[in-house]
Structures are given as C-alpha cells and as structure tokens.
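Remarks on the structure that follows.
The values are calculated or read from the model by the stated rules, or taken from the named source; none is laboratory data. Computed from a predicted model, the values in this text were never measured in an experiment. Ideal geometry is used to build each Cβ from the backbone, glycine not excepted, and the neighbour counts take in all protein chains shown. Calculation scope for accessible area: heavy atoms of the full protein, side chains included, ligands and nucleic acids excluded. Shrake-Rupley method; radii C 1.70, N 1.55, O 1.52, S 1.80 Å.
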2 protein chains.
Amino acid sequence: MRIIMAGFGTVGQGFAEVLHKKTDRLNRFNESVKIVAAFDSKSFVADENGLDPLELVERKKSTGSVGSEKLKSGIDVLDSVDYDVLVEVSPTNIKDGGAGLKHVEHALKNGKDVVTVNKGPLALKFSELNKLAEKKNALLRFEGSVGGAMPIINLCSENLKGERVKSIRGIFNGTCNFILSRMDKGLPFEQALKEAQQLGYAESDPSYDIDGIDTACKVVILANSIFRRNVTFSDVSITGITSVSAEAIALAAEHDMVIRLIGEVSDTVLEVSPRLIPLGHPLSVSGTLNIAQIRTDLAGPITVSGKGAGRIETASAILSDLIAIMDRRR
Amino acid sequence: MRIIMAGFGTVGQGFAEVLHKKTDRLNRFNESVKIVAAFDSKSFVADENGLDPLELVERKKSTGSVGSEKLKSGIDVLDSVDYDVLVEVSPTNIKDGGAGLKHVEHALKNGKDVVTVNKGPLALKFSELNKLAEKKNALLRFEGSVGGAMPIINLCSENLKGERVKSIRGIFNGTCNFILSRMDKGLPFEQALKEAQQLGYAESDPSYDIDGIDTACKVVILANSIFRRNVTFSDVSITGITSVSAEAIALAAEHDMVIRLIGEVSDTVLEVSPRLIPLGHPLSVSGTLNIAQIRTDLAGPITVSGKGAGRIETASAILSDLIAIMDRRR
C-alpha cells in the first residue's frame, strides 16, 4: 500500500512515527505499507521505493520542511506519484476547505482511497465528497476527525450497523472542557484559558475552540456520516464558552451541576452550546477527555470516551482506518 | 441468509422480536433473512420458507415450547435443515458446555457461521472452536457474550486492530454491580440481593452472578479473543462478592471509595475480584450498567459502557454480528 501524506504538522509527524513503530504489525497483513511522497505547505519529497518515516520527522523538525524540493502544488504531487491512499492531515480551514479540500477531491476523483482528520473538507462538503467516493468506488474514512482516539464514527457505522442511532450528545473539544473544569475550581475564564495555552491545549488564537467552531465541525461530520443528513457548517446553531461566567458556574455548583460545552446531533437537532450537566452524569467529566453518549433504538445508551487530541492518539485513528482499507481491498 | 435458532429463552425471544422489527433495515442489504428452524430443550419447528418470528414468540409464551414437534436432539435439526448461520442462545452451562457446545461445534464442523452469546462453549473451548472455525472457513462471532449491548469484542478486534491492547478492566456483571451499589446506600448484602431478585436482575439461585462465575467467563472470552491467550475458565483467579461486608463498604466510603467487582485481563493477568475504586473514577459507576476501560499502546485509555443485559439489548449485539457476517459473505 503506497501512501501520500498531505500535511506534515503535529498529527502528520505522529502518524509517521506510528507507521515506523507498527511496521511489524502491518507486515502481518502481508502487504508492505510505505510512504511514497509527503508534502507540507512549502516543500515535498517523493520516492517510489518508500521514504523513511523517521527521517521525514527529523527533517521537518530540523528544517521546518518535510521535503527538500520546493512545492508547486499538492495536486502536482498527487498527479506525478503513483499511490493508493491519500492521508490528508493538512490544517483545517473552515472558511473554504483550503488546500485540504482540493487534495481530498482530487484523490477521490482519481479513485484513490482517502483517510483524513481534516475537518474542513468534511464539515463543508461532506455530501459531495461522499458521493464522489461512491461513484469512483473509492473509500473515504475519517475516524480521527471526531474525538481523536475515541471510537465513534466507525463504531456507529460498522459495529452498530443494525441500530437506529437516535441521538449523539457529547464533549468533542478537550480545550473547552479543560477550561470549564478549571473554572469549576474557581478560576476565572481568562486565567483558565491562559493555563490551557501554557499547557499547549489551546492555540494562541483560541477562538476556533472556545467559540465552538471545532465542536460544530464535529457535529456536522456526525450528522452527515451517522444520521445521513445533508448539512454543512453553517447549519449548526453555535454558542461557545466565552459567555460562561464564573457566577453561572458557581450557581450550577450550588445545584450539584457543572457547565459543559455539549455538541448534540439527531435527525432534527444540530447544536453546540454550554449546558448544565448534573454531577455524576456520564457527561460531567473533567479534563481534556472527549466523551459521547450514543442513544440507539435497541442497544439503549452506549457511552464511549477517550483522548480527543494528541499526535499519537489521532494518528492511531488514522492507522485503524488504513487497516480497514487494507482489509477491504484484499 | 437462513438462520437456525438454538435456544428460545429470553434472549432468543428478544432476537426474534428484533428480527421482525428490523426486516426493512435488513432488506437494505439485498438479502432476505429468515429463521428456517428453531428449537429449545424439548421441541422444534422448521420451515425452509421461513418462520414468522412473532409466531414463535407467541407459541413459546403460551405453550412453553417454541415448536410443535418433539425434539430428538438439536444436532438432528442441524443435520436435517439447510441453513447458513446458527444463532446459539441456549442456556450457559459452565461445567461441560452442555448442549450449546455441541451445537456450536457441529455447526462449525460443517462450515456454518455461528453467532452466539452462550458463554459456556466460549469459556471452556474457545481455542478449539476458533481453530475449527478457521479450518472450515466459518465465522464465529460472539459480541453479546461480554457486556451485552456494550461494544467491546468487535471494537477491540476490528476498530482498534492497529493497537496493542495492554489491559482491559471492567464491570461485566450488572447484578453484582446493582447489589454493591445498593450496599453503598447502607443495605446489607442479603437485602440488596433480595431486591435484585425482586427486580428480576438476579436468579433465584444467584451463585452464578455473585460468586463471580459469570464475570470469570467473560474475562476468559476477552483473554482468548483479544489477547490471543489460550486460557479456560479454571485458569481464572475468582473472588465473588459474598464476602464483601457492610463494614468494608462503610470503610471504603470514609476514604471516598466504593467497592466494585472488577474483571481484569492482560497478557499476564486473569482475575475477578472486588476492588476499591475511588469515587469519580470511570469504574465507580452504580446500577446495572457494564463498563470497560481498555488500555492501548497508541490510543491511550478508551472507556465504553452500555447495558450489560436485557433481552433486546443482547439481541442487538447478535444482530450486529449477523450483519457483519452478511457483509463478509457478500
């Protein structure tokens, strides 16, 4: 299986490390898995015999570029290198999908399988991409785009295939949950945010997280993939956590409740908002975990939780999608 | 897909109801699913054109027997009716596997696929059955045998295929957890047990649950299927909950802990015992839920919970296994 990696930031580097670490395990499937090309926003490198994943990581870390050649465009690389699967892990662009959307579209158009954790293309053009994949008999998988290492998309669409999923409610952004958990301990919002930034949980521009945009992307992906709705980012009713005051949190605590940023999706609901959650309720978790409550017609409520971010954790979801593709293509 | 049902107790009836309810959904897979024979310990009924699931439930409820014909042996039915999949839901026998083991063995020997929630055959002869299935190119699936509707076996062996699962610790018996949860509220063991019996959570002979036997069966199934160990019921170190005193629970509470019956399995551990769990820990849940913490090398800890018993919930796990078989056989 020949892979092209589009994007080589935190998650891309994590995936390269995982691929190196799991060589033996993957060889059990009687097929060699190799990276035949990798590119970031400025550079690329290609070798049909396979690139050493750790060398890629090393070069990116020391030079800031994954490749030694100057990149004309990602599409150029996709057109000039023979490959089977595109692993698209370039940065999310929620305005127009950015380069990631172009890469995913181009690969699917050429009948290539795609694994991505890039929420931009999925939150903006899910339906189009899915139809394109079906038409071209290509596989499009994106487990890591929601909840990182927390299993949810493949769980619902494969393990729970006989169920009607009635609703999913969950915490899909570890940064917001960390901030709200710290506010439970009496910290004001600004201080909790600063702490999250110091610990590397929040970006220097935190709006993508705290305004609920990241959670909204995930809600859209769940709506389209599990509920087979045809919605896009602009359809979500979004309230972030910047309006959650210390007073509101103290008042909630008096009633044995906490405030959590909840994403909810069903056949009719598509919402991100801070909600009151009773202490002891599965969704009252603290810290950076992601968690989801899946309500189904037969199995009743199923709850899953796991690490929602982290380079190795997200890479593990990419790996599971890749193995599923190998299984399917055999 | 032609199904023979072996056993028609609570779960069997639940499965028949689910099959009726999900006809439309299953037809989406472009294959009709029909029950061509069903038998219980005394009777059988067969029709190559398919039996009405609800009529079977009706007859079982009104006469105590699923069929109108006297059963000679289940093997006779398996030999005389053409079928594709055996759904084995007869009662668990942990001494020698009972009739269930014979049915499963016989079906696999003839290259038939098997879905079962019967813990006896799996806890006693997992390795033999698995080898037999491989040799005969038959599928053996058993999601519902551990945790009922809580996804765990297929989750680990399919969704987390790239991971090395390092350990699984969990609550796999809702009856014990209900009793311990009631003891948290100050009830003595005997009274909590009586309450569980009145609510239908515990059998009139509760030893299978409270002595940890049921949990041990599940631990064995996880060890063999996920950790690829070759162990059997007698290899498990088992302590039940009958020795958990009200004093121990009160003492735990003083230190913000609860006592829960935990099953643990790893490459080296195979144990069922009451353990102290800090309040707020994921495994400190109350009530009849099942829950499992899965530790992996890449994804970190993943927690799942769901209804561990119940006729429709367990039937839903059987349905998901059946759909997976349909997918594979297409």
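Residue-level analysis places A:Asn230 outside the set of residues that are open to solvent by less than 60 Å² (accessible area, probe 1.4 Å) and of a type in the set (S, T, N, Q). Across the range A:40-75, which residue is nearest to A:Glu105 (Cα to Cα) among those that are out of contact with any strand residue (DSSP E or B) (no Cβ under 8 Å at 6 or more places or on another chain) and of a type in the set (Asp, Glu)? Across the range A:40-75, the extreme among qualifying residues is A:Asp40.
Restricted to the range A:131-154, and to residues there that are surrounded by fewer than 22 Cβ atoms within 10 Å (Cβ to Cβ) and either in contact with an Asp or Glu (Cβ under 8 Å, 6 or more places away or on another chain) or closer than 16 Å to A:Val87 by Cα (or both), the residue that is nearest to the other protein chains (Cβ to nearest Cβ) is A:Asn154.
Against the test of being closer than 25 Å to B:Glu31 by Cα, out of contact with any helix residue (DSSP H, G or I) (no Cβ under 9 Å at 6 or more places or on another chain) and crowded, with 16+ Cβ neighbours inside 10 Å, the options B:Val81, B:Val89, B:Val114 yield a single qualifying residue, B:Val81.
Checking each residue in the range B:155-174 for being away from every other protein chain (no Cβ under 14 Å) and at pLDDT below 95 picks out no residue at all. Among residues of the range B:81-102 that are assigned to a loop (DSSP other than H, G, I, E, B), those with a Cβ under 7 angstrom from a residue that is aromatic (Phe, Trp, Tyr), sequence gap 6+ or separate chain, pair up as B:Val89/B:Phe15; B:Ile94/B:Phe233.
Picking from B:Ala324, B:Ala253, B:Ala223, B:Ala317, which residue would you name as being in contact (Cβ under 8 Å) with a residue 24 or more places away in the chain, within 12 Å of chain A (Cβ to nearest Cβ), out of contact with any Gly (no Cβ under 9 Å at 6 or more places or on another chain) and part of a helix (DSSP H, G or I)?
Just one listed residue meets the conditions, B:Ala324.
Of the candidates B:Tyr208, B:Tyr201, the single residue that is in a loop (DSSP other than H, G, I, E, B), out of contact with any Cys (no Cβ under 7 Å at 6 or more places or on another chain), under 25 Å from B:Gly186 (Cα atoms) and of a type outside the set (Gly, Ala, Ser) is B:Tyr201. Looking only at residues in the range A:51-78 that are aliphatic (A, V, I, L, M), touching a residue at least 24 places away in the same chain (Cβ under 8 Å) and closer than 19 Å to A:His20 by Cα, the one that is surrounded by the fewest Cβ atoms within 10 Å (Cβ to Cβ) is A:Leu54. May I ask you to list the residues in the range A:263-293 that are within 9 Å of another protein chain (Cβ to nearest Cβ) and either in contact (Cβ under 8 Å) with a residue 60 or more places away in the chain or open to solvent by less than 10 Å² (accessible area, probe 1.4 Å) (or both)? Selection gives A:Val285, A:Ser286, A:Leu289, A:Ile291.
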